[in-house]
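Worksheet: the structure to be examined is printed underneath.
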Amino acid sequence: MGITVFGVSFLAILLYGFIKNNEKIMMTLLILGMCMQTTSVVVWGEYEMGPQVVVSIVFSIWILMNSHLLLQRRLVIKSRENYWRLSTLFIWLFFGYIVVMAYQNSDTGRNRSIALYILQLLQLLILIITYLSVPYIARKLHIRKLHKIIEGIIIVVVSVGILQFLITTNILPRNFLIETFIYNMKSTGDSYAYNLSYYPRIFSLFMEPSYCAPFLVGSFYYLISREIWNRKSFILCILVMIEIVLTFSSTAYAATLLTGIVYLLVSKNKKALKFLIPLGIVMVILLLITGTMQDILGDVIFNKLQSGSGTVRRGWDMYAMEEFNKNPLFGVGYKRVRGSQLYASVLGQLGIIGTTFFALSVLTILLAAIRRRNTVSVAMFLVATIISQIIAIPDLDFCVFWLSMYLVRLTLAYDYEDGNFREKEKSV
């Protein structure tokens with residue numbers, strides 16, 4: 001087992017924040033780590049552990065070490081806020097069901113080692129524990145600082161996207177620093193950045209454009225949902241939209257459209273609507289004038305249906321649904337089949353029972369966030385992620401999904417706090 005050069009740097013900063021009990025550093029690294037899909041911290045034989053798991057473990061331990069905060073002030077859960085309890089109940093039922101089914105199918109089979117399967121279960125457990133523990137940082141981190149951190153991470157991802165685009169279009173040279181600190185995951189992360197001589201699509205810190213799409217689309221709707229609107233937000237929105245276009249990803253385009261429809265239905269932010277509609281019209285006009293619209297629609301939507309990629313993905317989904325039909329109630333087990341879309345994978349793996357637990361664990365907290373004016377922004381981030389996954393990202397342990405779940409549960413926790421946390425209604 002070894003630690004990468006990036007891992008040493010990342011762990012050093014994480015350890016500093018842990019020792020100094022610095023909530024800003026811990027939260028920043030948690031959000032940033034959940035976005036770094038092409039970077040490994042620890043290498044153990046053929047396995048590579050990314051920042052998502054490492055930072056989630058350390059963050060949860062840090063919360064536990066500060067458990068005295070739980071005794072100083074407890075969360076005031078109002079009786080009418082049953083969704084908080086229900087979301088916790090359903091997430092444990094979801095994981096418990098996966099463990100039971102893993103035991104029932106303990107032969108694992110399908111060329112999957114027991115060690116790997118246990119690691120996958122542990123990874124999911126770590127993500128769930130972090131999801132449940134993250135609200136307690138609300139006692140230390142003011143809501144305004146949290147939104148500044150989120151905005152800062154968006155700027156980082158956008159900036160890396162610009163840098164990556166310039167590198168993979170051969171405008172800037174490939175160098176060892178980029179490979180060491182961003183694209184060091186040898187198994188998958190360098191496939192686009194370093195294995196292809198020319199790749200004019202944005203994927204930033206993610207493995208491919210489709211995985212980058214949920215973050216970009218979620219960031220766009222997060223930004224326009226905020227009630228604080230200034231020149232910086234406007235410029236950042238424009239940059240995010242440009243990067244969405246430059247992903248040349250059907251997932252990104254479809255998610256932008258569908259999330260926009262949801263936003264129009266639930267939003268009460270008239271200022272954002274006044275910005276969103278004209279921007280959409282301008283983008284469409286520019287694409288039509290340049291002829292890019294026809295090329296994009298042809299390359300990433302219409303032609304893709306007949307492409308090799310489209311054919312393979314349809315085959316994955318058909319196989320996942322065949323497995324579901326064999327055992328529709330219980331499924332065949334977590335990670336034992338993989339479609340190209342979330343619904344096919346979840347149904348094939350977990351059946352109707354497990355899919356119900358998963359859906360309820362998400363919907364209970366999502367609907368609560370949508371109803372609150374001051375949590376709509378993170379709710380739209382989660383909506384964009386789920387829509388993207390339904391289209392083309394089948395993994396239940398997808399990093400951006402759990403990042404959005406972290407943010408929704410955390411921002412809802414501020415509604416339970418008294419004192420200075422009430423100020424958020426005036427500042428957000």
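The values are calculated or read from the model by the stated rules, or taken from the named source; none is laboratory data. Please read these numbers as outputs of a predicted model, since none were measured by experiment. We place every Cβ from the backbone using ideal geometry, glycine too, and count neighbours over all the protein chains shown. Note: accessible area is taken over every heavy atom of the protein model, side chains too, but ligands, DNA and RNA are not part of it. Shrake-Rupley method; radii C 1.70, N 1.55, O 1.52, S 1.80 Å.
Before moving on, here are some points about what is shown:
- The peptide list 14-26, 45-57, 113-125, put in order of mean Cβ contacts within 10 Å with the highest first, becomes 45-57, 14-26, 113-125.
- In this structure, the residue pairs whose Cα-Cα separation is over 27 Å, taken from K24/K232; K145/K186; K20/K335, are K145/K186; K20/K335.
- When R338, R174, R409 are compared by accessible area at a 1.4 angstrom probe, the order from most to least is R338, R174, R409.
- In order through the stretch 356-370: 3J(HN,Hα) via Karplus (6.51 cos²θ - 1.76 cosθ + 1.60), integer Hz, x for Gly, Pro: 5, 4, 5, 4, 5, 5, 7, 5, 4, 7, 5, 5, 5, 5, 5
- From phi via Karplus (6.51, -1.76, 1.60), per-residue ³J(HN,Hα) for the stretch 131-146 in Hz, x at Gly/Pro: 4, 6, 8, 4, x, 6, 6, 4, 6, 10, 10, 5, 4, 5, 5, 4
- In this structure the amide hydrogen of G331, modeled in the peptide plane, comes within under 5 Å of the amide hydrogens of G351, I352, none closer than 5 places in sequence on its chain.
- Karplus-based coupling profile of the stretch 97-102, in residue order and whole Hz: 4, 4, 5, 4, 5, 5, with θ = phi - 60° in 6.51 cos²θ - 1.76 cosθ + 1.60 and x standing for Gly or Pro.
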